[in-house]
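Engineer: My questions all concern the structure below.
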Amino acid sequence: MKLSNGDMLLGSFTQGLLHGQGVIEYGNGDRFSGNFENGVRCGKGEFRSPSSSLEYVGEWADDDVHGEGVE
């Protein structure tokens, strides 16, 4: 699914929201791949931002980093 802001969502959807394994490729080049629950990042996932060299691999909860992970 491609959004009007340029973001691309790939994966399984439930009621129009990512649910289960999926990927968001943001219009600015950032990318998140991992688990979603009702459109929110949760569980294990990877976030990479080529423009800022930011990288996080680990746990997510309520769409934010949470628990164990590596930057």
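Engineer: Rounded to a whole number, what is D in µm²/s for the chain from Stokes-Einstein with the Kirkwood radius over alpha-carbon pairs (10 °C, 1.306 mPa s)? Working shown, then result.
Structural biologist: On the way: Rh = 12.1 Å.
D = 131 µm²/s.
Engineer: Using a 1.4 Å probe over the heavy atoms of the protein chains, calculate the carbon and sulfur portion of the accessible area of the chain as a whole percent.
Structural biologist: Numbers: 2230 of 4610 Å².
It is 48 percent, rounded to a whole number.
The values are calculated or read from the model by the stated rules, or taken from the named source; none is laboratory data. Just so it is clear, the structure is predicted and the values come from calculations on it, not from any experiment. Surface areas here come from the heavy atoms of the whole protein model, side chains and all, with no ligands, DNA or RNA. Shrake-Rupley method; radii C 1.70, N 1.55, O 1.52, S 1.80 Å.
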